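Step one of this worksheet: look at the structure below.
The values are calculated or read from the model by the stated rules, or taken from the named source; none is laboratory data. No experiment lies behind these values; they were computed from the predicted model shown. FYI the Cβ positions are ideal-geometry reconstructions off the backbone, even for glycines, and counts take in every protein chain you see.
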Amino acid sequence: MTVADHETRTFTDDFDRATAAMARTTRAIRLELFDGKVRTKVVPDGDHGRIIQWLTRICMQHDSQLWLHPDQGLKVEQCRKGRARPDGSLAPMDAFVGQGEWAEPGDVIMTVEVTSYDSDTDGRDRVEKPGAYAQAGIPVYLLIDRDACEVRVHSEPDGVRYESVRVVPFGKGVELPDPVGITLDTEPLTQWVR
């Protein structure tokens with residue numbers, strides 16, 4: 001182990017302990033870690049929650065053995081030194097049993113983010129998270145972008161980035177490729193954008 005590896009692991013361990021302590025006292029602050037930098041995540045609004053409900057129902061109808069786990073922390077990036085809290089992680093129902101606040105992403109077939117109306121959304125949801133999820137080998141990253149009124153489907157991770165990104169405006173259908181295998185009618189999303 002190099003000195004840099006030790007420092008990164010120590011910082012990640014400190015981050016894990018700090019977020020565990022915070023989780024016992026507040027739900028108002030949610031933290032993530034990308035490239036060694038701590039990021040805050042805005043607590044979702046009602047429309048954000050409704051979008052996650054809509055998508056959860058679609059995923060359950062498609063495959064009753066899968067669940068869109070909300071807010072489960074994932075170990076991401078290379079060597080699992082990053083920490084992300086996706087709005088949803090599509091995985092088998094028992095995928096995270098016994099794993100604690102930050103779980104291994106091996107069973108996750110899709111992560112979902114719904115943009116928030118804050119200044120960090122661009123860097124966090126559109127830049128940092130696609131790279132982190134691709135490095136973790138998560139097959140599909142779905143970004144529901146309320147600012148741009150479009151859906152971005154990232155797929156074919158190569159260990160660094162997603163090689164394929166499909167962008168469609170709200171109101172059109174979009175295929176979530178295998179292993180998800182769902183075609184989304186995004187028309188309902190037009191109702192939940194302010």
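Considering the range 143-194, and only residues there that are polar (S, T, N, Q) and in a strand (DSSP E or B), the residue that is farthest from Ser64 (Cα to Cα) turns out to be Ser164. For the range 117-124, the criterion of being under 20 Å from Val160 (Cα atoms), within 13 Å of the chain's Cα centre (by Cα) and in a strand (DSSP E or B) is satisfied by no residue at all. Here is the figure for the range 83-102: residues that are over 16 Å from Leu55 (Cβ atoms), out of contact with any Lys or Arg (no Cβ under 7 Å at 6 or more places or on another chain) and crowded, with 20+ Cβ neighbours inside 10 Å total 2. Evaluated against (1) within 18 Å of Pro44 (Cα to Cα); (2) touching a Ser or Thr at 6+ places or on another chain (Cβ under 9 Å); (3) of a type in the set (Gly, Ala, Ser), Gly173 falls short on exactly one condition, (1).
Criterion applied to Arg124, Arg146 was being within 18 Å of Arg39 (Cα to Cα) and among the charged types (D, E, K, R), and the one residue passing it is Arg124. Would you pick out the residues in the range 34-69 that are over 25 Å from Asp94 (Cα atoms), surrounded by 13 or more Cβ atoms within 10 Å (Cβ to Cβ) and of a type in the set (A, V, I, L, M, F, W, C)? Of everything in the range 34-69, those that are over 25 Å from Asp94 (Cα atoms), surrounded by 13 or more Cβ atoms within 10 Å (Cβ to Cβ) and of a type in the set (A, V, I, L, M, F, W, C) turn out to be Phe34, Val38, Val42.
Could you say whether any residue in the range 132-142 is surrounded by fewer than 14 Cβ atoms within 10 Å (Cβ to Cβ), assigned to a loop (DSSP other than H, G, I, E, B), without any contact (Cβ under 8 Å) to a residue 40 or more places away in the chain and in contact with a helix residue (DSSP H, G or I) (Cβ under 8 Å, 6 or more places away or on another chain)? No, the range 132-142 contains no residue that is surrounded by fewer than 14 Cβ atoms within 10 Å (Cβ to Cβ), assigned to a loop (DSSP other than H, G, I, E, B), without any contact (Cβ under 8 Å) to a residue 40 or more places away in the chain and in contact with a helix residue (DSSP H, G or I) (Cβ under 8 Å, 6 or more places away or on another chain). Filtering the range 56-100 to residues that are within 17 Å of Val140 (Cα to Cα), of a type in the set (Lys, Arg) and part of a strand (DSSP E or B) leaves only Lys75.
May I ask you to verify whether Met1 is modelled with pLDDT of 80 or more and of a type in the set (A, V, I, L, M)?
no
If you check Trp67, Trp54 for being farther than 19 Å from Ala103 by Cβ, in contact with a helix residue (DSSP H, G or I) (Cβ under 8 Å, 6 or more places away or on another chain) and at pLDDT 75 or above, only one passes: Trp54.
From the list Arg24, Arg85, the lone residue that is within 22 Å of Lys129 (Cβ to Cβ), modelled with pLDDT under 95 and of a type outside the set (Ser, Thr, Tyr) is Arg85.
Set side by side, the residues Val108, Val151, Val165, Val112 differ, and just one is closer than 23 Å to Ile182 by Cα, surrounded by 14 or more Cβ atoms within 10 Å (Cβ to Cβ) and touching a residue at least 40 places away in the same chain (Cβ under 8 Å), which is Val112.
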